[in-house]
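Visitor: Sharing a structure here in structure tokens format.
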Amino acid sequence: MRIISATSSFVAMYPKTIAAVTITGVGLFGVKKWMAGGVCRSKARLDGKTVLITGANTGIGKETAVDLARRGARVILACRDMDRANKAAEDVRKRSGNDNVIVKKLDLASLQSVRQLAQDVLASEERLDVLINNAGIMSCPQWKTEDGFEMQFGVNHLGHFLLTNCLLDLLKKSAPSRIVNVSSLAHERGQIYFDDINQEKQYNPWKSYSQSKLANVLFTRELANRLQGTRVTTYSLHPGVIRTELGRHFWPKIALWKRVIYTPLSFLIRSSAEGAQTTIYCAVEEKLENETGLYYSDCAPKTAAPQGLDDEAAKKLWDLSASMVGLT
């Protein structure tokens with residue numbers, strides 16, 4: 001009774017404070033719900049189908065693997081770190097109830113590794129119904145790939161460009177099939193530096209990241225044009241701002257005072273499961289079967305930035321990429 005009385009007294013004494021706290025709480029909950037984004041509501045099953053996801057040992061790639069495994073798919077986790085990948089695969093099996101989850105080695109910073117994975121898949125898999133190019137690196141130092149390419153462009157675009165092309169025949173054989181490229185809203189600030197594709201003149205980690213994410217969008221468009229009539233469809237997407245390991249290179253560089261400000265707001269950022277929804281949507285939503293080459297956000301089509309709609313640039317990027325990876 002004393003507790004009830006004390007509470008009533010507090011409410012009576014500070015009604016404006018209580019109202020303000022309540023409104024703030026409701027407001028933050030609403031913002032949090034809005035930030036969570038769209039949800040894939042498709043009930044499509046994937047029994048008998050095979051899905052390959054790059055970088056699926058953590059973050060949205062892993063959550064995508066769990067969802068698609070629950071739908072009955074055979075899921076291949078293509079990852080660089082095999083120890084972490086094997087642990088992730090065991091977790092995916094437990095959470096999905098599907099034991100048909102396997103791991104294959106893939107280092108997107110090595111064209112040789114990309115070709116070896118493709119050869120492995122072509123030799124061991126009878127079909128490939130969905131290829132999800134999910135792995136990525138963001139805002140890293142001025143690193144080079146094994147083949148001498150700027151790391152972000154090499155991993156985020158060139159590695160996936162080569163992998164996709166190496167697996168196209170199997171995807172066509174398995175049609176209707178899909179290719180899902182995880183891009184980013186950062187493409188809106190991007191441009192393709194055709195005269196300095198490896199950012200050697202003046203490296204900026206964010207300019208490089210934005211270039212690689214724009215490349216994902218342009219690759220999707222050009223790929224759709226080249227695959228007309230094959231029943232292989234392509235999609236690029238923005239997953240949202242998510243709590244994942246993708247920010248491991250830039251978070252330590254942020255000034256302490258900024259971290260103090262940003263940390264309380266981190267609860268508004270999407271979880272990996274929330275961030276995976278648009279990827280899952282593009283992989284399974286039945287309504288997208290006849291759509292191709294488009295860009296998505298929050299489980300809905302969205303108009304890409306003007307530079308992401310430039311078909312001439314898309315073709316030029318394709319030709320340059322093919323030359324860089326030795327694709328004929």
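The values are calculated or read from the model by the stated rules, or taken from the named source; none is laboratory data. Given the structure is predicted, the values throughout are model-derived calculations rather than measurements. Note that each Cβ is placed from the backbone with ideal geometry, even for glycine, and that neighbours are counted across all protein chains shown.
Visitor: In this structure, does residue 77 turn out to be under 19 Å from the mean Cα position of the chain (by Cα) and at negative phi?
Guide: Working: under 19 Å from the mean Cα position of the chain (by Cα): yes; at negative phi: yes.
Criteria met by residue 77.
Visitor: Given the condition assigned to a loop (DSSP other than H, G, I, E, B) and in contact with an Asp or Glu (Cβ under 8 Å, 6 or more places away or on another chain), answer yes or no: does some residue in the range 166-183 qualify?
Guide: For the range 166-183, residues assigned to a loop (DSSP other than H, G, I, E, B) and in contact with an Asp or Glu (Cβ under 8 Å, 6 or more places away or on another chain): present.
Visitor: I'm trying to understand the selection: among the residues of the range 214-234, which are over 16 Å from residue 315 (Cα atoms), crowded, with 20+ Cβ neighbours inside 10 Å and of a type outside the set (Ser, Thr, Tyr)? Spell out the reasoning first.
Guide: Going residue by residue through the range 214-234, those that are over 16 Å from residue 315 (Cα atoms) are 229-233.
Next cut, crowded, with 20+ Cβ neighbours inside 10 Å only: 232-233.
The one that is over 16 Å from residue 315 (Cα atoms), crowded, with 20+ Cβ neighbours inside 10 Å and of a type outside the set (Ser, Thr, Tyr): 232.
Visitor: Name the residue, out of 210, 174, that is under 16 Å from the mean Cα position of the chain (by Cα) and either modelled with pLDDT under 95 or under 21 Å from residue 134 (Cβ atoms) (or both).
Guide: Values: 174 fails: under 16 Å from the mean Cα position of the chain (by Cα).
Of 210, 174, the one residue that is under 16 Å from the mean Cα position of the chain (by Cα) and either modelled with pLDDT under 95 or under 21 Å from residue 134 (Cβ atoms) (or both) is 210.
Visitor: Can you tell which of 61, 37 is touching a Lys or Arg at 6+ places or on another chain (Cβ under 9 Å) and either at pLDDT 95 or above or closer than 23 Å to residue 240 by Cβ (or both)?
Guide: On the way: 61 fails: touching a Lys or Arg at 6+ places or on another chain (Cβ under 9 Å).
On inspection, the qualifying residue turns out to be 37.
Visitor: I would also like to ask the following. Out of 83, 107, 129, which single residue is without any contact (Cβ under 8 Å) to a residue 12 or more places away in the chain, of a type in the set (D, E, K, R) and more than 19 Å from residue 273 (Cβ to Cβ)?
Guide: Values: 107 fails: without any contact (Cβ under 8 Å) to a residue 12 or more places away in the chain; 129 fails: without any contact (Cβ under 8 Å) to a residue 12 or more places away in the chain.
On inspection, the qualifying residue turns out to be 83.
Visitor: Can you pull out the strands (runs of 3 or more DSSP E) entirely within the range 47-113 that have at least 3 residues that are more than 20 Å from residue 177 (Cα to Cα) and in the same structural domain as residue 167 (by TED's automatic domain parsing)?
Guide: Working: elements: 50-54, 74-79, 101-105.
The strands (runs of 3 or more DSSP E) meeting that bar are 101-105.
Visitor: Please go through the range 123-136 and pick out each residue that is more than 19 Å from residue 325 (Cα to Cα) and of a type in the set (A, V, I, L, M). Step through it out loud before you land on a result.
Guide: Quick first cut of the range 123-136, residues more than 19 Å from residue 325 (Cα to Cα) only: 123-132, 134.
Listed by number, the residues that qualify are 123, 128, 130, 131, 132.
Visitor: Which residues, counting only those in the range 130-148, are touching a helix residue (DSSP H, G or I) at 6+ places or on another chain (Cβ under 6 Å), modelled with pLDDT of 95 or more and in a loop (DSSP other than H, G, I, E, B)?
Guide: 134, 136, 137, 138, 140, 143, 145, 147
Visitor: Go over the candidates 44, 69 one by one and state the one that is buried (at least 18 other Cβ atoms within 10 Å of the Cβ) and modelled with pLDDT of 95 or more.
Guide: Working: 44 fails: buried (at least 18 other Cβ atoms within 10 Å of the Cβ).
It is 69.
Visitor: Taking the residues in the range 292-328 that are of a type in the set (S, T, N, Q) and in contact (Cβ under 8 Å) with a residue 24 or more places away in the chain as candidates, determine which candidate is surrounded by the fewest Cβ atoms within 10 Å (Cβ to Cβ). Walk me through it before giving the result.
Guide: Restricting attention to the range 292-328, the residues satisfying the condition of being of a type in the set (S, T, N, Q) are 292, 297, 303, 307, 321, 323, 328.
Within this subset, residues satisfying the condition of being in contact (Cβ under 8 Å) with a residue 24 or more places away in the chain are 292, 297, 307, 321.
Working: 292: 21, 297: 20, 307: 16, 321: 22.
If we take residues in the range 292-328 being of a type in the set (S, T, N, Q) and in contact (Cβ under 8 Å) with a residue 24 or more places away in the chain, then 307 is surrounded by the fewest Cβ atoms within 10 Å (Cβ to Cβ).
Visitor: Let me ask you something else. Residues of the range 184-206 being buried (at least 16 other Cβ atoms within 10 Å of the Cβ) and assigned to a loop (DSSP other than H, G, I, E, B), which ones?
Guide: Listed by number, the residues that qualify are 184, 190, 192, 193, 197, 198, 199.
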